[in-house]
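Everything on this sheet refers to the single structure shown next.
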Amino acid sequence: MMLHFTKMHGLGNDFMVVDLVTQRARLDSERIRTLADRRFGIGFDQLLLVEPPSRPDMDFRYRIFNADGSEVENCGNGARCFARFVLDQRLTARREIAVQTAGGNLLLKVAEDGRVRVDMGAPRFNPGDIPLTADGESHAYTLDVDGETVTMDALSMGNPHAVIDVESVDHAPVTTLGPRVETHPCFPRRVNVGFMEVVSRQHVRLRVFERGVGETLACGTGACAAVVSGIRRGLLDQHVDVTLPGGTLSIEWAGPGQSVIMTGPAERVFDGRIVI
Ligand SMILES: N[C@H](CCC[C@H](N)C(=O)O)C(=O)O
């Protein structure tokens, strides 16, 4: 069958976006891995599926799959692209869109300039919610990673995140330490691994080794997790710019129990169709 899709990105974190409101398709994890391949397939960090909601108070259901075929709970850069996509495809005329995901509900707002503001919901810190095997809640967990003691914060943005402080992201062990933390047995569902350099109380630099993908040019939920971690450790103010290799996101968090607000761009690259 012929499947229509749109290639999009948020600061270089790239997506294949598929409308399953007006189309029907079944994509298993092996097919997703093939489509994600940058030589044998279309090539993307994540596949985003746009589906009808299963609840009357939601506009859409949003499913997310990493390049390794694993289905995940949330994707921040993808949420911004989702909002632009459903407007551009005229699946909605609303510029404020309520979306249900496996990790919680999101509220997306598309501004006139095309930037998208996302209410990402409230972070969760209980180890059982991350999930993380730990004796109790902390913001400085120490893990033995192949004989090396590594200290990190950890929290959930619907999906699991570890945050490791570094002096300079340019020299951070993203591709060496990242995969070893991603698959550490203390994270039973694996974890996204952020390396954060605090530039000032209103600005951080960040690189992320993403669960199921590897290092990406940007990670929206990772940017949220890094700012939340910095604020709760007294390092950052409420409104922070996060500069990633692909560009800068604006993140706000007013404290425990409050939603994290992320604002940034969403770009459409091309439309395509593929026989599956
Ligand atoms: N790799 C993530 C999903 C995508 C997150 C990222 N692309 C974002 O923008 O939040 C995970 O396994 O939880």
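Structure values in brief
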{"quantity": "Positive-end residue of Pro52, Ile42, Thr176, charge dipole of the chain with Cβ unit charges", "calculated": "Pro52"}
{"quantity": "Highest to lowest packing among 52-61, 31-40, scored as the average C-beta count within 10 Å", "calculated": "31-40, 52-61"}
{"quantity": "Stretch gain in nm, segment Thr176-Gln23, where the contour uses 0.36 nm per residue and the Cα spacing is subtracted", "calculated": "51.0 nm"}
{"quantity": "Surrounding net charge for Val150, when Lys and Arg each add one and Asp and Glu each subtract one, Cβ distance under 9 Å", "calculated": "-1"}
{"quantity": "Solvent-accessible area per residue for the chain (1.4 angstrom probe, square angstrom)", "calculated": "42"}
{"quantity": "In Hz, Karplus ³J(HN,Hα) per residue of segment 55-63 (6.51, -1.76, 1.60; θ = phi - 60°; x = Gly, Pro)", "calculated": "10, x, 8, 10, 8, 8, 10, 10, 10"}
{"quantity": "Euclidean distance between Cα centres, segment 188-257 to segment 19-56, Å", "calculated": "26"}
{"quantity": "Furthest towards positive pole of dipole, Ser70, Val275, Leu107, structure part the chain, Cβ charges", "calculated": "Val275"}
{"quantity": "Of all accessible heavy-atom area on the chain, the percent that carbon and sulfur account for (1.4 Å)", "calculated": "47"}
{"quantity": "Spacing of the two label points (7 Å from each Cα toward its C-beta) at Ala98 and Val269, in nm", "calculated": "3.4"}
{"quantity": "C-alpha long axis of helix 76-88 to longest principal axis of the chain, angle in °", "calculated": "20"}
{"quantity": "Amide H contacts under 5 Å for Ala122, placed H, 5+ residues apart", "calculated": "Val260"}
{"quantity": "By average C-beta atoms within 10 angstrom, highest first, the peptides 73-84, 96-107", "calculated": "73-84, 96-107"}
{"quantity": "Computed over segment 127-258: relative contact order in percent, which uses C-alpha pairs under 8 Å that are six or more apart", "calculated": "19"}
{"quantity": "Local net charge near Ala226, Cβ-Cβ under 12 Å (Lys/Arg +1, Asp/Glu -1)", "calculated": "0"}
{"quantity": "Residue-span extension gain [Arg189 to Asp113] - 0.36 nm each, minus C-alpha spacing", "calculated": "23.6 nm"}
{"quantity": "Label-point separation in nm, Arg124 to Ala254, each point 7 Å along Cα→Cβ", "calculated": "2.2"}
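The values are calculated or read from the model by the stated rules, or taken from the named source; none is laboratory data. Keep in mind that what you see is a predicted model, and the values were worked out from it rather than measured. Note: ideal-geometry Cβ built from the backbone for every residue, glycine included; neighbour counts use all protein chains shown. Surface accessibility is based on the protein's heavy atoms, side chains included, excluding ligands, DNA and RNA. Shrake-Rupley method; radii C 1.70, N 1.55, O 1.52, S 1.80 Å.
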